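The values are calculated or read from the model by the stated rules, or taken from the named source; none is laboratory data. Worth saying up front: this structure is predicted, and the values here are computed from it rather than measured. Cβ sites come from the backbone with ideal geometry, for glycine too, and all protein chains shown count toward neighbours.
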Amino acid sequence: MIELTKGGAYLLDGRDLIEEENTQELAARLGRPADREAARKGTIAASILVAHNVSGDEKKLKLKFDALASHDITFVGIIQTAKASGMREFPIPYVLTNCHNSLCAVGGTINEDDHVFGLTAAKHYGGIFVPPHIAVIHQYMREMMAGCGKMILGSDSHTRYGALGTMAVGEGGGELVKQLLCDTYDVAAPQVVAVWLEGKPAPGVGPHDVALAIVGAVFKNGYVKNKIMEFVGPGVASMDTDYRNGVDVMTTETTCLSSIWQTDEDTRRYLAMHGREDDYRELKPAPVAYYDGVVKVDLSTIRPMIAMPFHPSNTYEIDEMKANAGDILREIEKEAARISGRSESEFRLTDKLTGGKLRVDQGVIAGCAGGNYSNVMAAAHILKGKSCGSGLFNLSVYPSSQPVFMDLVRKGAVTELAAAGAVIRTAFCGPCFGAGDTPANNTLSIRHTTRNFPNREGSKPGNGQMAAVALMDARSIAATAANGGFLTSAAEMADDYRIPDYEFDGTVYANRVYRGYRKAEPAEPVIYGPNIKDWPEMSPLADHILLKVCSKILDEVTTTDELIPSGETSSYRSNPLGLAEFTLSRRDPGYVGRAKEVGAAEQARREGGAPWETDAGLSQAFARIRAIPGQEAVQPQETEIGSVIYAKKPGDGSAREQAASCQRVLGGLANIAGEYATKRYRSNVMNWGMLPFLMDGEPEFEVGDYIYVPGIRAALDGTMKDILAYHLTADGAKELHLSIADMTADEREIVKAGCLINFNRARQAS
C-alpha cells in the first residue's frame, strides 16, 4: 500500500522515479553522472523557498511570507506581543478568524471580548477580520488567500494549503510577530521528500483514509520530520482539489515542516471558482529533481482506515480493526490506564463489543479536515433515507464555512442529514480540541477531525472523566451511523455516486468580513476586555543559572495538549498568568505549585532579597556549587534561579506558543529533552527566552533536584555541542553534559534577552 525508499531518488520529467543507488541507470538516462545538489533545486519546494528567501544563502534561509493567519485563541497574544515590540501597522495581509472560542460559552464575556479586540485591532492596524461562525481558519485561507507559489504562515499547526500550490507553515505566535515586525522566519534549508501518488482511490475511500495511511507509515519512524512533503505523480489527477485539501491538512500529523503539490487544471478551476484565477500557475518539478526520500502510495490499494486512540498514527484498516477488535481494544484500555493513572477497569472499550461488532457512541464530521464540501456531500448521500437511531449514538456535522453550508443547503444535503437525525452546526473547530461535542464518560467517538490525542476530546481524567476518539473519514462515519452505530467501512455501502460540482457563493464574505489591509485607522481604539492582560516582564538571562527540576516526563512523546491543555483553558489564552495556572494540569498537576515556588524565589532575588537564607534546598544547592572547582566565588545574587521540565520528546501537535510561554511566566528557564518533536515547539521555547537543552540517555535527576549551569551566556556564543552542567546531589555535584542544536544568531540573542519582546525592545532602543 505504502512504501518508503531507504535513500534519495531522482524524478525525471515528472514521470520516472529512479532511486539514487541506481547510479548506472541514472547516468544512462541523463547522459552524465547525476548532480544531486543541482537537482535539489528542481523541486517545487525549492523554487518557492528561493523566491521567498532574502538571506542570499541557499542553506540558511530567511523567509518572508505573503500572508499570515491566526484564530481567536492566538491572535490576542500575538498582537499584544507585536505591539509591545513596536509594531504600528500590519505590513502584510493578516487574517484574524474566530473559529475556536466562537461559542462564548465559558468564562462570562471573555470570549466575545477577544472577538471585539480582534475586530478593533483589524481596524486599527489594517487587518482582515472573519467573524465567528463564518468560516474555520483554514477553509477561509483556502477560499480567499492561498495561491500558487505563495507562502503563508499561521499560528495554528494545521496551516497547510499545499494542494493549492501554497507552501504554508504552522508556527507559534512569536514567528508571526517577527513577520509583523518585518523580520524573517529563519530555518536551515529543509530536505524535501516526494509523496509519489499513483492509481486512484476506490469507491468509499475518502481523503482521511489516504491521509491516515500516510501518517501511519511515516510518523513513528520520523521519515518526514521537519521536512517538506511534495506530492507528485499521476495519482494527483485522480483527486479533485477539495479531496486533495483533505489529504494535505493532515500532513501536520506526520511532523513535516510544510507541504506542496503539483498543480493542474483542477487547481485552476478551484481558484477561478473563488474569483482568483490570477492566483493560478502551473507548479511542477523541473526535468531533473532530487528528493531526499520517497513515500510511494498506490491509491488504489488504500482501504477505509481508522486511527485508534490516542494518536493519528495508530492506524488500521477498518476491516482489520473489526477482525482483531478485542486485542486492539485491550491494548487501548492499558494505554488509557497509563494516561489517567487509574485502573484498567475504569475505562472500558471491550464492553462495546456485541456479537463481535464494535458499537461506537458518537460521530463528528468537522473542521478543516472533515467539514469540506465533498466530505459532507458524501456523508449525506450515504445517510439519505436512513436513520442515526434514537439510542446513545449521535452525529454532528460542522460545515467548514458559510459558503460551503450555503451550497450544501442548495444541494439538499443538509435536509438529508437532518432527516437522518444528524445535527448541523456552524463553522467551528471545537470538536478538534475539546471545546465542542465532548463525549460522555467511558465512550468512544469517531471523528473526521485532525487529532485524537489523549483528552483532546474534552474529557478530564484527573476528575475521573475519560473518553476516547478514533479518527475516520466522513464516509465511514456516515456508514457507521446508518448501521446503528456499529463500526462500518464505507466500502460496504459504496456505489457509483458522483459528488456534484461545488458552487461557491462569496456573498456572505462580502457582507460580513472586514477587509482592512492597507487601510489602517490609527485613531480607531483597540478595545480590551477585562481578561486581556499584557505579558509580564521577563528578565534577561544571567551568566549562571540554577534550575530546579519541576517535572519529569518519561513518555515516549509529550504533546502540547499535555503541556497546556486545550478545550476549557482556551478562554484564558488572552490572560498569560491566568492560563499558566493550567500548565501540565492533565499530566503533572503538582507542576504549577512547584514552578511558582521557584519563580517566587527568583523574584525575591531580583528585588534584592536572599531566598537561599530561608530555603534549605537553595542554601544546600549554593553550598554544593561553591564546592565545585572554579565555582568557589560564585555569588547567589549573580545566579538566576528558574524551573525546568524534562521530557523525552516534547511538543508534538499544536503550534500554540502557550505550551512554552506558560512555563516562562511561571519562572521557567529551560527544557531538557532527548529530542524535540517539532521545530515549532522548539521555536516557541526560544522565543519565550528558554533554553532548548538536549541530553543523551536517561536522566538521573528527579523532581526537586537542582541543576547548575555556569557560564550559560558564554556557552550560547560557542558551538553549544557540550555544555557542562552539574546535577547537585546529596553527595555533591555530578557532571551533566547538555547540548543545544544549532540556533541562529537572533535566536541566541532572543534567549539572552529573556524573550522576543525584550529582544525587540532592545533593538528599538538602539
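Just one of the listed residues (ASN221, ASN226) is modelled with pLDDT under 95, more than 26 Å from LEU329 (Cα to Cα) and in a loop (DSSP other than H, G, I, E, B), and it is ASN226.
MET87 fulfils the conditions (1) assigned to a loop (DSSP other than H, G, I, E, B); (2) surrounded by 24 or more Cβ atoms within 10 Å (Cβ to Cβ) except for a single criterion, (2).
I'm told ALA627 meets every condition in (1) closer than 21 Å to VAL549 by Cβ; (2) surrounded by 18 or more Cβ atoms within 10 Å (Cβ to Cβ); (3) of a type outside the set (Asp, Glu) except one. Can you identify the failing condition by its number? ALA627 satisfies every listed condition except (2). One residue is enough: does segment 525-539 have a residue meeting the conditions modelled with pLDDT of 90 or more, closer than 30 Å to ALA122 by Cα, of a type in the set (Ser, Thr, Tyr) and in a helix (DSSP H, G or I)? Among the residues of segment 525-539, not one is modelled with pLDDT of 90 or more, closer than 30 Å to ALA122 by Cα, of a type in the set (Ser, Thr, Tyr) and in a helix (DSSP H, G or I), which makes the answer no.
Here GLY56 meets the list (1) more than 30 Å from ALA202 (Cβ to Cβ); (2) buried (at least 23 other Cβ atoms within 10 Å of the Cβ); (3) small (Gly, Ala, Ser) almost entirely, failing just condition (2). Selection of first residues in segment 430-441 that are assigned by TED's automatic domain parsing to the domain that holds PHE347 and of second residues that are modelled with pLDDT of 80 or more and of a type in the set (Val, Ile, Thr), restricted to Cβ pairs under 7 Å at least 6 apart or on distinct chains, gives the following pairs, ordered by first then second residue: PRO431/VAL364; PRO431/THR449; CYS432/THR449; CYS432/THR450; ASP437/VAL364.
Residues in segment 535-560 that are touching a strand residue (DSSP E or B) at 6+ places or on another chain (Cβ under 9 Å) and among the charged types (D, E, K, R): ASP543, LYS548, LYS552, ASP555. Checking each residue in segment 472-499 for being touching a His at 6+ places or on another chain (Cβ under 7 Å) and modelled with pLDDT of 95 or more picks out MET472, ASP473, ALA474, ILE477.
Of all the residues in segment 754-766, those that are surrounded by 18 or more Cβ atoms within 10 Å (Cβ to Cβ) and either assigned by TED's automatic domain parsing to the domain that holds ARG88 or over 11 Å from SER85 (Cβ atoms) (or both) number 1.
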